[in-house]
Structures are given as structure tokens and as C-alpha cells.
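Since the structure comes first, as C-alpha cells, the remarks are kept for the end.
The values are calculated or read from the model by the stated rules, or taken from the named source; none is laboratory data. Everything numeric here is computed off the predicted structure, so don't read it as measured data. Using ideal geometry, Cβ is built from the backbone for each residue, glycine included, and neighbour counts are taken over all protein chains shown. The area values use the complete protein model at the heavy-atom level, side chains included, leaving out ligands, DNA and RNA. Shrake-Rupley method; radii C 1.70, N 1.55, O 1.52, S 1.80 Å.
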Amino acid sequence: MSAARRAAVFAAYGAQGLGYATVVTALPALKHRVGIDDTVVSILLLSTAIAAAAGSVLADLIAVRWGSRQALATGLLAQAAALVLVSVSDSLPLLAAAVGVYGVGLGAVDAASNMQGALSQRTSRLPIFGRLYAAYTTAAIVATLATSAILAGGLPPMTTLIIAAVAQAAVALWGIRAFHPERAAHRVHDDHATRTPLPRRAIWAVGTLVFAAFIVDSAVSSWSTLYLADGLQVAPGLTPLGYGGYLLAVLVVRLATDPLVRRIGRTRVGIGAVILGTAGALVVALFPTLPGAVIGFTAMGAAAGALVPIAFSRAGELLPSRSDEVIARVNLFNYGGAIIGAVALGLLASGAALGPAFLIPGLLLAASSPVLRVLHRTGEASQTESTPAA
């Protein structure tokens, strides 16, 4: 049964990656259909991040009352409904409402899938988050390729949204029985005075790593292609190479993360990730050429690819009896990093100046290095790791 539960959790990560990638790749078609410009798209993306933060809080509330299994299934169903709504949106108010619902579902699934991942790791007693996030990345790449094939074949551009909605609904219906039923949160009517307090300092430390990783991720995702096109003025067919190298590095590193953690430990993996990410940002800034950009973005992908899974892996161990609540709070740092990474570079630079601007995520990543020690599992934490969920 534990293998079936882990399979369901892997499917949830895949469904999340599939859904997000289809939304992002459908944006050009949505712009044309609804008649909106890039400014409105930016506002919608910002609204999605804010709604996702609310969704993370919602997942926390549901997990406390009914468990993360219900929180994850609810988030997936909300996303499925929103994707259908997005696919038929032909006006800005309808699209904005659909994006709002999608954002809430996105945040709920982000938080609840990590809650379930922590339960899977506790059951298996082996690192698992690298592979879980690899499933997310793989599904996102598949969705991107599928979108390209559908558009090339002349099929309706919203087809991928419907496919993703069906996949998410199917995983939700399967998961309501297959996800881990254990609860890892305080009871609603617990006496607050006698409840084991949440480890707030450790939550902020792990959250700082998540924050830094998502600044890197959103900066490269949002601006790498524009930098190659407008800043370096490379041929149009070569502009995706920077982000392509980034995604490839994210996937490869996530597949390698769990074995590396078992071999050299989570702290050393985190140190290596920070060094690689900082070095990658320096390469992008100092070598304004196509090879320099591709190499730099690839190194930054290795950093983000490793830091996110090991941070959430550690979050699930901080207080096993309340890991659902811990993870919901750590997950909020995700959206702060995503907003800053996507907005800061565009506000400060454009064209060729975008290259040096990538020092910002690199420096913020380096600044997070003092909290890497939180990744080390002490003897006391190691003992609590095996404590059954509440």
C-alpha cells in the first residue's frame, strides 16, 4: 500500500507541473483571444502569485481539520475547474476570475503535495523529494512539447488546458483514496498552551533557502529568453537555448539529488548548489555571449534544481507531528521569491543591461548561505524523524 501511496503522490507532482506549463504556454493564445497586452498579463501573473499564497493558507486550514490528503485533492479539483474556465474565457473578467481560482488551487497543491511528500519520505525513510520534483519538471517539459505539437498540427490552442484539467481531476479522484491518510498537524480543539510550538526560527531559515531558489527560478524563467533576444541579439532560433539549458539542468540535478543526499549529505548538496548558482550568475554578468549565457543559466538551474527539494525535505523533518503546518508556512516563501525574481530584473534593467542584472539573484542566493546549516539533521531531529504523525 505504501508503494501505491507514493505513486499517487508522484502523480500529483506530475499533474501540478503539467497544469502550470500548459497555462504558461497558452498565454500567447489567451492574449490574442481576450485582447490584452503584456501589462495586463503581468498583472494576471502577479494576481496568480497572490492567490497562490492564499491557497497555501487554505491548504494549511484544510490539513489541520481533515488532513493533507483532502487539501491536495481539493487543490487539484480547483485547478481542473479553473483550467476549463480559462480554456473558454473570451473576456477579461472571466479570465481574471479563472486565473484567481487557478492561483488558489496552485498554492493549495504546492503546499499539500509537499505535505504528502514529507509523509512519503517518513514512510520510506529515504530521501524522495528530488525524484518528486523531477516528476514535476518532467511533466512540465512534456506539456511544453505537447503544446508545440498541437499548435504545429493546427489543433485548437486550448486543447492542452483541457488535457491538463482531465489529468488533474483524475489524480484528485484517485488520490482521495490513495494519498497518505495520516495527519501531521495539531487538532482543531487542542489547548494552545500545551501544544508543541512550531519551530519558527528553523521555518524562517528553510524558507530563506526556498525564497532564494525561487528568485533564481523566476528570474531565469522570466528574463533569460528576452536577454538573449534583446540584449545579445542572437538569432531567433537560438533564443530558447538559455532557458532550455536551465530546464535540463533542473531535471538532471533533481534526478541526482536523492542519491547525492544519501552519499554526501544534504548540507554539502546545499553548499554545492549555492556555489554553482552564484558562479552561474557571475558568468552571465561577466561574459555577454551566447555560450556564457547558456553556461551561466545552466549552472543557475543546477542550484534551483537542488535547493527546492532539499529545503522541503528538511521542512518535513523540523517537527514531524506538525509537518503539514510547517510546510504550509515554508511554502509561502515560494511566492515572495517568485514575485521578486520576475519583477526586480525588469524594473532595473533591459536589453544588454539584463546580463549584469542577473547578479541580483546570484547575490541573494549567496546571501542565503549562512542558513544552510539548518539542512543538517542533528541527533535530536533524527530521532523525531521516526515519530509517527499525529
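Can you name every residue in the range 75-100 that is open to solvent by 20 Å² or more (accessible area, probe 1.4 Å), touching a residue at least 40 places away in the same chain (Cβ under 8 Å) and under 22 Å from ALA8 (Cβ atoms)?
LEU77, ALA81
Restricting to the range 10-34, and then to whatever is open to solvent by less than 10 Å² (accessible area, probe 1.4 Å) and polar (S, T, N, Q), can you tell me which residue is farthest from ILE162 (Cα to Cα)?
Residue satisfying both the conditions and the ranking: GLN16.
Which numbered condition trips up GLY270, out of (1) under 16 Å from VAL220 (Cβ atoms); (2) in contact with a Leu (Cβ under 7 Å, 6 or more places away or on another chain)?
All conditions pass for GLY270, except number (1).
May I ask you to verify whether GLY296 is under 18 Å from the mean Cα position of the chain (by Cα), open to solvent by less than 30 Å² (accessible area, probe 1.4 Å) and either closer than 27 Å to ALA357 by Cβ or among the basic types (Lys, Arg) (or both)?
Considered against the rule, which asks whether it is under 18 Å from the mean Cα position of the chain (by Cα), open to solvent by less than 30 Å² (accessible area, probe 1.4 Å) and either closer than 27 Å to ALA357 by Cβ or among the basic types (Lys, Arg) (or both), GLY296 comes out as no.
Would you check which residues across the range 341-372 are outside any helix (DSSP H, G or I), touching a residue at least 60 places away in the same chain (Cβ under 8 Å) and over 19 Å from the mean Cα position of the chain (by Cα) and list them?
The answer is SER350, PHE358.
GLY346: surrounded by fewer than 22 Cβ atoms within 10 Å (Cβ to Cβ), modelled with pLDDT under 85, closer than 26 Å to ALA51 by Cα and not hydrophobic (A, V, I, L, M, F, W, C), yes or no?
yes
Scan (1) surrounded by 20 or more Cβ atoms within 10 Å (Cβ to Cβ); (2) closer than 19 Å to THR137 by Cα; (3) among the hydrophobic types (A, V, I, L, M, F, W, C) for the single condition ALA63 breaks and write down its number.
The single condition ALA63 does not satisfy is (2).
Which one of ARG329, ARG314 is under 25 Å from LEU46 (Cβ atoms), basic (Lys, Arg) and in a helix (DSSP H, G or I)?
ARG329
Tell me yes or no: at least one residue of the range 142-150 is surrounded by fewer than 19 Cβ atoms within 10 Å (Cβ to Cβ), small (Gly, Ala, Ser), more than 30 Å from ALA256 (Cβ to Cβ) and at pLDDT below 95.
no
If I filter the range 353-385 down to residues being at pLDDT below 75 and open to solvent by 60 Å² or more (accessible area, probe 1.4 Å), which single residue comes out as nearest to SER321 (Cα to Cα)?
Taking the candidates together, the pick is GLN383.
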